[in-house]
Amino acid sequence: MQEAIDLNKFHPRDYQFCLYDALEVQKYRRIMAIWPRRCLSGFSQILMADGSERALRDLKPGDKIISWNHVRFEEDTVKDIWKTGMKPTLKVQAKNAPSLTVSYDHRFATLPRITRSFRWVRAEDLDRFNYVLLHPYVCSKLGRKKTYCGCRRSPVVVRPGDEELLYDIETKDNHNFVANGYVVHNSGKDLTAWNLCIRQLVDSVKTIYYVFPTFASGRRILWDAITNDGFRILDYLPHELVDSRNEQLMRIKLTNGSVFQVIGSDSYDRTLVGTNPHGVVFSEFALSDPNAYSFVRPILSANGGWVMIISTPRGKSFLYDLYQTARLNPKDWFASKLTIEDTKHITVDSIDREIELGEMSEDLAQQEYYTSFDLGIEGGYYTKYMDKLHLKEQISSVPWQSQYSVHTAWDLGVRDSNAIVFFQKVGQAIHIIDYYENTDEGMEHYVDLLRSKPYIYGTHIAPHDIRVRELSDACRRWQKAFQLGITFEIADSISFMDGVEAVRTTLPRCWFDKRNCKRIIACLENYRKEYDPKRKVYSEKPAKSQWNHGSDAFRYLAVYLPKLFDSMTVEQLNKIKHEAKYGNVKTSNVFR
């Protein structure tokens, strides 16, 4: 069975061999790769959706081009474009057609002369038995007959070219495009991990799961990466080794009994229950549900299985925490963190030039190409402010000071998470000492939580909509809270951006306890704007994500803070309680 595998279908780049070595030779069970993004001459003419042609170097993300879905040509969208640096080239020329200057490893759509079995072939491997496919407009220009799916087949001549600055693009749907009339492929970074999975599946009977952030993204990025009908990334696995394929569940069973399945971290609890995976790959782990990893970790530990995590950073989230664990435990983890200076996909000068021209922000360049956790997320509301707190060591050990009252700020959801920020006002400083978040619990749960802590409470801050939304029963939440011993003070109803500005003004005064407040720190570092792909701009409203609840609670804290009375000691609180018991003093924020 091993002999049936054509290992020449995929050629790892030099820097990618470390993953093969880590899994197959060194036998690491935990592998993490923090890698940047990943070629043609910039003068190559790309066929646009309106029938015109445009030089590859002049394309921009969002441009509409023509790609091939193996049944017909259709409109596709440029997802990304980048320079891959100065490289030696080959000139590929079909009979009576223009030549195309490419890198040695760029792949062409071909139809072998005899078998008529479609294949993607590297430029350096093209020979007289491979007939490349040309778009119909080339056929009509040359007066030739179309012979396959509207395409013309033609043998090619390949000869060495000069060293040249090359480009590559990534398309949204079909992952190919038409350059100088040739159907050529773009590259994807999941190919290395997928081919490692193939080797593992064929080597012995195994069950391997490939986990994407969502089920839909798994179908788009891997399962249907090339086409819904024809050759695709999955076809790196030879058809003769496939026993059955379930398109709906994205599951493949091999003839030797091995099983491979693509799933989403958004449905791990339904997919993985009762299973026994021997290997799990997490793609773009920074965007995934971290609970999926927590779920499979004990299973893999019990059966000696392995996990591979591949991602680019998205701020100092759970990926950052796990990377620190991997880095500090080299006996248990293989950790590879590379930048473009290691992979050399793009020249440093070209990145600097794009930043100077305003085509890319420094934040995005640091994240995508230099795999930086520090500069945070493109479009982040508070990322730079949190970075300054790190630099000033205002995120450290911040113990509870029992002589001061503890205030809370809440984000109350119905079906969403409920978040509580615990803080103390000590002089002009704001000490964030604790944080709690949970889902699907009634008000009783949160009141019991507050009572279980040793704090003496001051003010409880709630969002302005608390009087109109409901939690666990028919009465309004503020009334329910009052019945249980809490009276909320309501944050003013102001615009969202005014609230964001209040947070930015408040953060320099804040000190966060790094142990108790990991989650709220991550929320503030990862809270970001929603991106509008049509207009190619960030809107003012936030993207819906797991980071919103903690960030919203903190925003209510900042909005109400100017109205919060000065620091109150426990002695002062006891005096208020005494007067309330025997006099007519309001005790709305203190448990009686």
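Loop only per DSSP, at most 16 neighbouring Cβ atoms within 10 Å: give me the trypsin sites (Lys or Arg not before Pro) in the stretch 383-443, ordered by residue number.
Numbers: sites: K384, K388, K392, R415, K425; in loops: K392, R415.
In loop regions of the stretch 383-443 (DSSP not H, G, I, E or B), the sparsely surrounded trypsin sites (Lys or Arg not before Pro) are K392, R415.
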In order over the stretch 481-498: 3J(HN,Hα) from phi, Karplus 6.51/-1.76/1.60, θ = phi - 60°, whole Hz, x for each Gly or Pro, gives 4, 5, 4, 8, x, 10, 10, 7, 9, 9, 5, 4, 7, 10, 5, 4, 5, 5
Here the gain from full extension of E247 to N438, 0.36 nm per residue of separation minus their alpha-carbon distance, amounts to 65.2 nm
In nanometres, the difference between 0.36 nm per residue of separation and the alpha-carbon distance of D127 and K563 is 149.2 nm
Rounded to one decimal in nm, the spacing of the 7 Å Cα→Cβ label points at N291 and R504 is 3.4
Taking every other residue with Cβ under 9 Å from the Cβ of F496 and scoring Lys and Arg +1, Asp and Glu -1, one gets 0
Taking 292-298, 124-130 and ranking on average Cβ neighbours within 10 Å, highest first, one gets 292-298, 124-130
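Using packing as a proxy for protection, rank 454-464, 235-245 so that the peptide with the highest average count of other Cβ atoms within 10 Å comes first.
Numbers: 454-464: 19.1, 235-245: 14.1.
Highest mean packing first, the order is 454-464, 235-245.
In the neighborhood of S265, defined by Cβ-to-Cβ distances under 13 Å, what is the net charge if each Lys or Arg adds +1 and each Asp or Glu adds -1?
Around S265, the surrounding residues sum to -3.
Tally Lys and Arg at +1 and Asp and Glu at -1 over the other residues with C-beta under 14 Å from the C-beta of K331: what net charge comes out? Let's see the in-between values first.
On the way: positive: K27, R29, R30, R327; negative: D332.
Summing Lys and Arg as +1 and Asp and Glu as -1 gives +3.
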Label model pair S301, R159: point-to-point distance (7 angstrom along the Cα→beta-carbon line) in nm is 6.3
Here the stretch 399-409 yields Karplus 3J(HN,Hα) values (6.51, -1.76, 1.60; θ = phi - 60°; whole Hz; Gly and Pro given as x) of x, 5, 9, 5, 7, 10, 6, 10, 9, 10, 10
Highest mean packing first, using Cβ neighbours within 10 angstrom, the peptides 257-270, 515-528 sort as 515-528, 257-270
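The numbers here are math on the coordinates, done by the rules we state, and not lab data. Here the structure is a predicted model, which is why all the values come from computation and not from measurement. Methodologically, a virtual Cβ is constructed for each residue, glycine included, from the backbone with ideal geometry; neighbour enumeration extends over all protein chains shown.
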